[in-house]
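Engineer: Sharing a structure below in structure tokens format, with a few things to ask.
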Amino acid sequence: AKEFQLVVVVLCQLNRASEQRTDKRPMISDLRESGAVEQDADRVILLHRPDMHDPESPRAGEADLIVDKHRGGARAS
């Protein structure tokens with residue numbers, strides 16, 4: 001991809017680890033087969049909707065964009 005200056009987007013499924021935590025926000029370690037993703041990806045961006053776990057959330061309809069890995073840059077949420 002770098003040689004041809006292409007962007008590659010890979011979608012991954014989460015394991016159920018985040019369901020067991022009090023804070024339901026996903027982390028890079030929640031990705032299935034996360035070892036390969038963590039090693040190879042330049043960026044890992046996770047989406048989180050608070051109202052999926054709390055329907056009465058004042059943030060219903062909103063989503064968090066979590067930059068959990070950014071090779072050469074800062075992490076943010």
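Engineer: Scan (1) surrounded by fewer than 13 Cβ atoms within 10 Å (Cβ to Cβ); (2) β-branched (Val, Ile, Thr); (3) touching a Lys or Arg at 6+ places or on another chain (Cβ under 7 Å) for the single condition Val44 breaks and write down its number.
Structural biologist: All conditions are met except number (1).
Engineer: Using the structure shown, decide if Ala76 is small (Gly, Ala, Ser) and modelled with pLDDT of 85 or more. So that I can check it myself, show each step before the final result.
Structural biologist: Numbers: small (Gly, Ala, Ser): yes; modelled with pLDDT of 85 or more: no.
No; evaluated as a whole, the condition is false for this residue.
Engineer: Name the residue that is surrounded by the most Cβ atoms within 10 Å (Cβ to Cβ), counting only residues in the range 1-41 that are assigned to a helix (DSSP H, G or I) and charged (D, E, K, R). Please lay out each step first, then the result.
Structural biologist: Keep residues of the range 1-41 that are assigned to a helix (DSSP H, G or I), which gives 17-20, 28-30, 34-40.
When the remaining residues are screened for being charged (D, E, K, R), the result is 19, 30, 38, 40.
Details: Glu19: 10, Asp30: 19, Glu38: 14, Asp40: 9.
Within the range 1-41, the match that is surrounded by the most Cβ atoms within 10 Å (Cβ to Cβ) is Asp30.
Engineer: Would you pick out the residues in the range 17-36 that are farther than 19 Å from Asp51 by Cβ and either of a type in the set (A, V, I, L, M) or out of contact with any helix residue (DSSP H, G or I) (no Cβ under 8 Å at 6 or more places or on another chain) (or both)?
Structural biologist: Passing the criteria: Ala17, Gln20, Met27, Ile28, Leu31, Arg32, Glu33, Gly35, Ala36.
Engineer: Please go through the range 42-58 and give me each residue that is within 23 Å of Gly72 (Cβ to Cβ) and in a strand (DSSP E or B), ordered by number. Walk me through how you get there before you give the answer.
Structural biologist: As a first pass, look at the range 42-58 and keep what is within 23 Å of Gly72 (Cβ to Cβ): 42-47.
Once the filter is applied, which keeps residues that are within 23 Å of Gly72 (Cβ to Cβ) and in a strand (DSSP E or B), the range 42-58 yields Arg43, Val44, Ile45, Leu46, Leu47.
Engineer: Just need a number here: residues in the range 47-77 that are surrounded by 10 or more Cβ atoms within 10 Å (Cβ to Cβ), farther than 19 Å from Val10 by Cβ and among the acidic types (Asp, Glu).
Structural biologist: The number of residues fulfilling the criteria is 4.
The values are calculated or read from the model by the stated rules, or taken from the named source; none is laboratory data. Computed from a prediction, not measured in an experiment: that's the story for all the values here. All Cβ positions, glycine included, derive from the backbone under ideal geometry; neighbour counts span all protein chains shown.
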